[in-house]
Amino acid sequence: MVLTVTPTTTMSVTHFFLLVFFFFFFSTTAYSAPHQPYPYGLAYRIDCGSATNTTDPFNTTWLSDRFYTGGVTGIVSEPLRFHYPYEKTLRFFPVSYGKKNCYVVPSLPNGTYFFRTFIVYDNYDGKSHTPSFDISVEGTVVFSWRSPWPELLSRDGAYSDLFAYVKDGEADVCFYSLATDPPVISSLELVQVDPSSYNSAGNDLVLVNYGRLSCGTNSWGPGFSDDADLFGRSWQSDKDSRSNSADVRTISTRNTISGTDVKPNYFPMKLYQSAVTVDGDSSLEYKLNVDAKLDYLVWLHFAEIDSTVKKAGDRVFDVFINDKNVTRIDIYKQVGSFAAYSWHYTVKNLSSSVLSVTLVAAKGAPLISGLENYALVPNDPSTIPEQVIAMKALKESLRIPERMGWNGDPCAPTNWDAWEGVTCRMNENKTALVISQIDLGSQGLKGYISEQIGLLSNLVSLNLSSNSLEGEIPSGLGQKSLTNLDLSNNQLTGSIPDSLASSSLQLVLLNGNLLEGRVPEQLYSVGVHGGAIDLYDNKGLCGVPSLPACPIFWENGRLSSRGKIAIGLSCLLVFCLIVLLVLIYIRKRRNDYDFGLPSELMSLAAKRNRYQRQKSLMVLEMESQHAKGLHPFTPQQ
């Protein structure tokens, strides 16, 4: 079923009563269509609250409940009144799970998706009090439920659908509790569709269904019959939306209609095999209940299935939307006979709560096969991706309890509160949301501060005081934007990172921790220049007035810079001494070395020495005799 609500307004009583007939009809008909091969091949159909997978009579598989962030399962009070299991079970979100809970379908290719929800109350909790809550898709509020619901709606439930663009690889469908009412959902469907479908809308808009009519038939498609629609669209009978039903005549055919089930919108053939027309010169008029101050995208569907129309000009009519003549239609002239023809028009800033479509004859009688009307809801700004990553990392590292409802986008939708304890603002160019403040003092947190906090480049104030946080203060916590920092009364260890000294801090409360080491002088100067700093009850801190002097060679639980320099110089001196001793030793060995000669050389050298000595003695003796006047002996001949 199509639920005609807007992101900002409560569904009107008129809308409800227009839906009552449809809900009553729906409760006696089938819900799902056969699963057809589809070019994009990705679909999730989740039976919320069910513990097992099921298969419906049309061979469609419904998955057991998954991808939810919290909540409790339930069952309708009168399950026998519902035909299929996925209508009987549900998931609801008590306030103990936080005000914001989501289904987050992961690992999706970016692109356009068809979303559909089935919401039912049926007094599942025995309190006879229908809840008030909002539903958002991809961070934009699309449906608003307000108590009390009409009785038939409360008992039979309602289907709502839309088209939205997924840009971050996961689809978020979130529920926001108003007061203490628990939101509820019975089934969730998601089907990938052609990215060029309804191409006049673009990726910055959500197309919320405010009426999808098949003319001249009963309601059909998923939820009504086994007639296929590759997008999963259901088509409602047009008879309750016509304002002049008495003059209307229905025609139909079994002939093949060309131009159906083709890119990009894959409109099904069945839509064009029936039509309504009028006798004589009467006009055809449809009135659709809408919400004012929104833009609407109207699609009209035609096929010339009357075999008496043989040529262009036989059937010509004008289209008036809210009394404005917007186009003239000649189906045969456009596509011939037994061929699909669609035309669309955007209504800007509608001031009325009724959108009227009137077909007025110019020649022959007007004819129409189908009509669609979508509210063009602008995407709400979302938190910039890197800050979403940071906040999800903090959710894990700080062990944020479920009661705080840290689910979906931290800041979006903007007309909901941000995550508990989180303050957001628009960035400078007004295109996205950023985190400006985190206040989680005295929340019983027992984790640590993730290094990813450094991605919060717009953070102005951080208060994590009076928890039981452990680990070190991350070095990434030194954003230029940061002015207030309160980490007091935790169990933080290690040193104060130098990065804090480079921020714009005016308030620094680090008292009551297990910090140690030298306090950066620039950080301490915060107190000197008009700010406030409290380092009390950190026995290991040192190096600034009112704190002990730091050891020369030891600080922050490890060697100080001076200690490292001293050890380095000592090592260099020892190395030099070792090198010097080695050089001295080598030189000494060279001077004392005794080269050994072979024994033969030793013997020759000895004989030569004896001969030289004997020769010297003979010379001396001869010189002595000459000196005494003796002549040398001359041998006789």
Can you figure out the FRET efficiency of V360 with S481, using R₀ = 41 Å and their beta-carbon distance, to the nearest 0.05?
0.10
Inter-part gap, Cα centre of region 118-172 to Cα centre of region 214-270, in whole angstrom, is 26
Farthest towards the positive end of the dipole of region 294-437, among V377, T358, C424 and with Cβ unit charges of +1 on Lys and Arg and -1 on Asp and Glu, lies the Cα of T358
To the nearest whole percent, what portion of all C-alpha pairs in region 385-550 is separated by more than 20 angstrom?
49
Arrange the peptides 104-113, 343-352 so that the one whose residues have, on average, the most other Cβ atoms within 10 Å appears first.
104-113, 343-352
For N199 and Y536, compute 0.36 nm times the residue count separating them, minus their Cα-Cα distance, and round to one decimal in nm.
115.0 nm
Which ordering of R587, R518 is given by a fewest-first count of other beta-carbon atoms within 10 Å?
R587, R518
List, in order, the whole-Hz ³J(HN,Hα) value for each residue of region 336-341 obtained from phi through the Karplus relation with A = 6.51, B = -1.76, C = 1.60 and θ = phi - 60°; use x for Gly and Pro.
x, 9, 6, 9, 7, 9
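Under 1.5 on a/c is rounded, so check that first for region 438-483, then, if it is not, pick prolate when a/b is larger than b/c and oblate when it is not; a ≥ b ≥ c are the square roots of the alpha carbon gyration tensor eigenvalues.
Note, shape of region 438-483 comes out oblate.
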Sorted by packing (mean other beta-carbon atoms within 10 Å per residue), highest first, where do 144-150, 454-460 land?
454-460, 144-150
Tabulate in residue order the Karplus-calculated ³J(HN,Hα) for region 156-165, using 6.51 cos²θ - 1.76 cosθ + 1.60 with θ = phi - 60°, rounded to whole Hz; enter x for Gly and Pro.
9, x, 8, 9, 9, 8, 6, 10, 9, 9
Pull out a ≥ b ≥ c, the square roots of the eigenvalues of the alpha-carbon gyration tensor of region 152-267, then state rounded if a/c is under 1.5, prolate if not and a/b is larger than b/c, and oblate in the remaining case.
oblate
Take peptides 56-65, 434-443 and line them up by average Cβ neighbours within 10 Å, highest first, as a rough protection proxy.
434-443, 56-65
Restricting everything to alpha-carbon atoms, can you work out Rg to Rh for region 99-212 with a Kirkwood hydrodynamic radius?
1.00
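FYI, it's all coordinate maths here, none of it is from the lab. Note that the coordinates shown come from a computational prediction; the quantities given were computed from them, not determined experimentally. Glycine gets a Cβ as well: all are built from the backbone with ideal geometry, and neighbour counts include every protein chain shown.
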